[in-house]
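Written below as structure tokens is the structure these notes are about.
The values are calculated or read from the model by the stated rules, or taken from the named source; none is laboratory data. Note that the coordinates shown come from a computational prediction; the quantities given were computed from them, not determined experimentally. Glycine also receives a Cβ, built like all others from the backbone with ideal geometry; neighbour counts cover every protein chain displayed. Calculation scope for accessible area: heavy atoms of the full protein, side chains included, ligands and nucleic acids excluded. Shrake-Rupley method; radii C 1.70, N 1.55, O 1.52, S 1.80 Å.
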Amino acid sequence: MNEKYKSSTIYQIYPRSFCDTDGDGVGDIRGIISKLDYLRDLGVDVIWLSPVYKSPNDDNGYDISDYRDIQPEFGTMADFDELLSEAKSRGISIIMDLVINHTSDEHEWFRRALAGEEKYKNYYVIKKGKNGKLPNNWGNFFADCPWEPFGDPKNEEYYLHLFSKKQPDLNWYNPEVYREICDIMRFWLDKGVAGFRCDVINIIHKKSFADGKKRLALTGKEHYISTEGTHRILSSLRRDVMSNYDAFTVGETVMVDVDMARDLCDVSRGELDMVFAFEHMECDQVGIKWFKTKFKPQRLMKILTKWQTGLDWNTCYFENHDQPRSVTRFTEGGKFREIGAKMLLGLLFSLRGTTYVYEGQEIGMTNGAFDSLDEIVDIESHNVDKMAKTLGIFNPLRWKMIKATSRDNARTPMQWNAEEGAGFTSGKPWLKIHPNYKEVNVERDLKNPDGVISFFKKINSYKKSSETLKNGSFAEIHAGKYVYAFARELDGERLIAVCNFSTKNSKLPEGVFGEIVISNYNECDNASALRPYEYRLYKEVK
Ligand code: TEU
């Protein structure tokens, strides 16, 4: 991978929620174009664009019905081309979301399969039921049954869908599928995109369809997580496609441990360039993500250290379109919202790896303010509610679970200013705008020299200019109940990052010293106490 991508600051845009220019309540490509100067000023090098392809929107674009066309709500291919060239002229590259575990059931391949064309039937995973029963006992990511009757129920055939029933899984045993996907990748790379974020990429190849070991969630996963078949496909994609372009891949790899992640992005194996792992996103859950427990900073620290020391190159992220907002999740918020958001950014940029931020994180946007399930759009949340109901869980508890964890928490429209519609839309927004937009918005934050954006720019440009922060080694110094400190070292230069996850002062741990080069408090002092949510970056003075 070209080194420039490794040290890029990558900004994820969820197009539906970013900026709407035609008043239909849904963000669009022209909206993104209108914010390119803003992104350049933040110091963004690469945009990861969540899906903009044609889609019936069962899963907000992660169900693609045409990989070579643009969703009309978002604009046209001409708009996309303009986005690419306008971004390029500002030094910004774009990576696309590559969703190839499944297509939409409205994709032409699936339609032709349903119409009886054998060729296309073989593009999908279609299995016979067993004596009136489903093909196997597997579970589904969206709290559904993963098998749906295919065509005439008399045939007792079912298609596999690990996500919604409008997202049939592709059959990666079929070389035609491989060829089609290679062509799709070349189509976008030839246009000039800088690569792909590969959706649930480590589950595409299923090594068997036998019953799985019974589990609370995702029974059967041992048959498809990071299989040898997936490894083979990934190295072929590199050889046949990626190696011909100046581009990179980042895989969304679910349920991986450090060893699996290492194999999936090992340079000598030549598969992915980097991976998103999830263990740190699970630090506040018991078993499954819907069972949240009180956030204990030390658990997060331990997991971060484990990955920083176990994997040579990490992706560093605290947010994306599937996760609750980090400032709500990892800080007390309220009066600590801004300082907490800055501390989390300080920590994020101090870690070793490529930094990924999600739209709104640069102003400390919070979880959505939803009052009931009626305000939630996300299919996963609705399915979970249904399943929990059938298990006899009462509504107050169901709603508590969904409110804390729903993916819509991160999908509320971007808050640009204090006007009605938050500067996101002049129409009716597709998802409720957080009522705090009057205080939490880009325009207001930009005016404040101590705003979150100003700190974002500071730490981002420091990282870009510091070889030590970019490439230095990582060593934990302290991981206490509230305070985390670690060193980054290169060619004799030593930087120490320290942060306090408490609403109270905490003692500065031993081994943290030097000259403060960045802090999220206005007046840096070298006192032995860290203030609430204080972050400091020290440079050792020789
Ligand atoms: O997500 C895959 C995934 O496993 C989870 O992060 C998912 O969001 C869910 O919470 C599982 O419980 C990717 C995309 O990021 C997500 O938006 C899509 O819905 C999904 O794949 C299917 O394409």
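In region 244-271, what count of residues is obtained for those that are of a type in the set (D, E) and within 16 Å of the ligand (Cβ to nearest atom)? Matching residues across region 244-271 total 2.
Within the set T21, T9, the sole residue that is within 28 Å of V275 (Cβ to Cβ) and either of a type in the set (S, T, Y) or out of contact with any Cys (no Cβ under 6 Å at 6 or more places or on another chain) (or both) turns out to be T9.
Looking only at residues in region 392-429 that are within 16 Å of the ligand (Cβ to nearest atom) and farther than 17 Å from K292 by Cα, the one that is surrounded by the most Cβ atoms within 10 Å (Cβ to Cβ) is T412. Close Cβ contacts (under 6 Å, 6 or more residues apart or on different chains) running from residues in region 206-231 that are under 17 Å from D144 (Cβ atoms) to residues that are among the β-branched types (V, I, T) comprise G212/T219; A217/I288; Y224/I203. For region 78-129, a residue qualifies if it is open to solvent by 50 Å² or more (accessible area, probe 1.4 Å) and part of a strand (DSSP E or B), and the qualifying residues are K127, K128. Taking region 160-179, which residues are touching a residue at least 24 places away in the same chain (Cβ under 8 Å), open to solvent by 20 Å² or more (accessible area, probe 1.4 Å) and assigned to a helix (DSSP H, G or I)? The answer is E176, Y178. Out of region 207-238, which residues are in a helix (DSSP H, G or I), open to solvent by 20 Å² or more (accessible area, probe 1.4 Å) and of a type in the set (S, T, Y)? If the condition is that a residue be in a helix (DSSP H, G or I), open to solvent by 20 Å² or more (accessible area, probe 1.4 Å) and of a type in the set (S, T, Y), then S235, S236 are the ones that fit. The number of residues in region 148-159 being under 34 Å from the mean Cα position of the chain (by Cα) and surrounded by fewer than 21 Cβ atoms within 10 Å (Cβ to Cβ) comes to 2.
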